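Q: Structure provided below as structure tokens; questions to follow.
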Amino acid sequence: MERPAWAPRSIDISVPSVARIYDYYLGGSHNFEADREAARMAMQFMPGLPKIMQANRAFMRRAVRHAVDQGITQFLDIGSGIPTFGNVHEVAQAAHPGSRVVYVDHDPVAVTHSEAVLADNDTADVVAADLRKPQEILASPGLRRLIDLNRPVALLLVAILHFVEDTDDPYGAVAELRDALAPGSLLVLTHASYEGIPLPTERSEGAVDVYKDIRNPLIMRSREEIARFFEGYDMVEPGLVPMPLWRPETAPEDEDPYAFSGFAGVGRAGGATGGRTA
């Protein structure tokens, strides 16, 4: 297998990566045959996976614009993946020039390409770190250079928490990040779930097993379990809902049925009024 010039020498390109599989679903070019093979296997069970990823990205863009509308101009995107068109810094800086964005990922390809994309952008940076170690993220020079933790921040955890097993305490990690952020900060979150997938659960489990086989287990949590990540936040209307139903810009009935798989929500920290609870 030939190694592309852009691939860091330190990575094994024969081992699939969830970040690069996600890139493949979105039509990106920074993935390897091992990633494409795993994606195609998962799509044999759940052919609408690309539609789910597109719905994730569309929700993220709406949520970023909402944050800017609320006066938030600092963004921390953990599990940011490989840069694609319409990334957080593009949306935020189009809505408010000078918005500051820090991306965080532990995939070397994602970090390398983020560095390349952001090379001429003084108000955006990438940090190589892991959601499971919040203090490393919070103490990183890249974050400290751009993000003032005494001012509200939009924390984005989009399509990442379902790759953190319960034994790694994802709820603790989210709470630790919450406690480090100023009142008025936002949590922007999406999470996979069997709820809403237009397939029998046993068929969906086939796609989940593919991720287990590549040693990146996909943890499908219930709506109630996902709502627990918002403890300490007041939910912004319309609450925790399928992605196309969160402040849609187009008619939800026109969406692909797969887009309604899983849940999305935005919460505001610090007791600010924003809507019903999850």
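Q: At Met43 and Arg132, where each label point lies 7 Å from the Cα along Cα→Cβ, what is the point-to-point distance in nanometres?
A: 2.9 nm
Q: Let me ask something else. Once you put a point 7 Å from the Cα of Ala94 and another 7 Å from the Cα of Arg144, both along the Cβ direction, what distance in nm separates them?
A: Going by the 7 Å Cα→Cβ label model, 3.4 nm.
Q: Same structure again: Taking a point 7 angstrom from the Cα of Asp69 along the C-beta vector, which residues in the stretch 147-175 have backbone N less than 17 Å away?
A: Zone members listed by number: 154.
Q: Okay, helix-only estimate at 222 nm for the chain: each DSSP H run of n ≥ 4 adds -39500 (n - 2.57), divide by all residues, round to 500 deg cm²/dmol; what do you get? Before the final figure, lay out the partial values.
A: On the way: 10 runs with 100 residues, N = 278.
For the chain, the value works out to -10500 deg cm²/dmol.
Q: Counting only protein heavy atoms and a 1.4 Å probe, tell me what percentage of the stretch 23-163's accessible area is made up of carbon and sulfur. Intermediate results must be reported in sequence, preceding the final value.
A: Numbers: 2800 of 5620 Å².
About 50 percent, which is the carbon plus sulfur part of the accessible surface.
Q: Using a 1.4 Å probe and ignoring any ligands, DNA or RNA, find the accessible area of Arg223 and quote it in Å² to the nearest 10.
A: 80 Å²
Q: I need the chymotrypsin sites (Phe, Trp or Tyr not before Pro) found in the stretch 45-117, filtered to DSSP loop residues with at most 12 other beta carbons within 10 Å of theirs.
A: Details: sites: Phe45, Phe59, Phe75, Phe85, Tyr103; in loops: Phe85.
Listed in order of number, the matching sites are Phe85.
Q: Accessible area per residue for the stretch 195-276 in Å², computed with a 1.4 Å probe and the full protein assembly in place, what is it?
A: On the way: 4000 Å² over 82 residues.
On a per-residue basis, the stretch 195-276 sits at 49 Å².
Q: Share of antiparallel DSSP beta bridges in the chain, in percent to the nearest 5? Walk me through the numbers on the way to the answer.
A: Values: 10 of 28 bridges.
Taking every DSSP beta bridge within the chain, about 35 percent pair in antiparallel fashion.
Q: Can you put Glu37, Glu225 in order of accessible area, largest first, using a 1.4 Å probe?
A: On the way: Glu37 100, Glu225 75 Å².
The ranking, largest first, comes out as Glu37, Glu225.
Q: Could you tell me the accessible area of Tyr171 in Å² (1.4 Å probe, neighbours in place), rounded to the nearest ten?
A: Roll a 1.4 Å probe over it and Tyr171 shows about 40 Å².
Q: Okay, next question. Considering all alpha-carbon pairs of the chain, what whole percent are spaced by more than 37 angstrom?
A: When all Cα pairs of the chain are counted, 7 percent exceed 37 Å.
Q: While we're looking at this one, here's another question. Rounded, prolate or oblate: pick one for the stretch 1-134, where a ≥ b ≥ c are the square roots of the eigenvalues of its C-alpha gyration tensor, a/c under 1.5 means rounded, and failing that, prolate if a/b is larger than b/c, else oblate.
A: Numbers: a/c = 2.23, a/b = 1.44, b/c = 1.55.
Verdict is oblate for the stretch 1-134.
Q: Okay, next question. If you take the beta carbon distance between Glu176 and Arg228 as r and set R0 to 22 Å, what does 1/(1 + (r/R0)^6) give as a FRET efficiency, to the nearest 0.05?
A: Working: r = 15 Å, r/R0 = 0.66.
Step by step, r from the Cβ atoms, then E = 0.90.
Q: Follow-up. Considering only the stretch 138-272, what is the antiparallel percent among its DSSP beta bridges, to the nearest 5? If you can, show how the numbers build up before the last one.
A: Details: 10 of 15 bridges.
The antiparallel fraction comes to roughly 65 percent.
Q: Separate question: I'd like the accessible area for Thr201, computed on protein heavy atoms only with a 1.4 Å probe and all protein chains in place. Round to 10 Å², please.
A: 60 Å²
Q: Let me ask something else about it. What shape does the stretch 186-278 have by the C-alpha gyration tensor, where a ≥ b ≥ c are the square roots of the eigenvalues, rounded means a/c under 1.5, and otherwise prolate means a/b greater than b/c and oblate the rest? It would help to have the intermediate numbers written out before the result.
A: On the way: a/c = 2.80, a/b = 1.49, b/c = 1.89.
The shape class here is oblate.
Q: Another question about this same structure. Could you state the number of Å between the C-alpha centres of the stretch 202-264 and the stretch 1-72?
A: Spelled out, the Cα-based centre of one part sits 16 Å from the other.
Q: In percent, how large is the relative contact order of the chain, given Cα pairs closer than 8 Å and 6 or more residues apart? If you can, show how the numbers build up before the last one.
A: Details: 537 pairs, mean separation 51.4, N = 278.
Over the chain, the number comes to 18 percent.
The values are calculated or read from the model by the stated rules, or taken from the named source; none is laboratory data. Every value quoted in this text rests on a predicted model; they were computed, and no experiment measured them. In this analysis, Cβ positions are derived from the backbone assuming ideal geometry, glycine residues included, and neighbour counts consider all displayed protein chains. The protein model used for the area step is the full one, side chains on, heavy atoms only, and it has no ligands, DNA or RNA in it. Shrake-Rupley method; radii C 1.70, N 1.55, O 1.52, S 1.80 Å.
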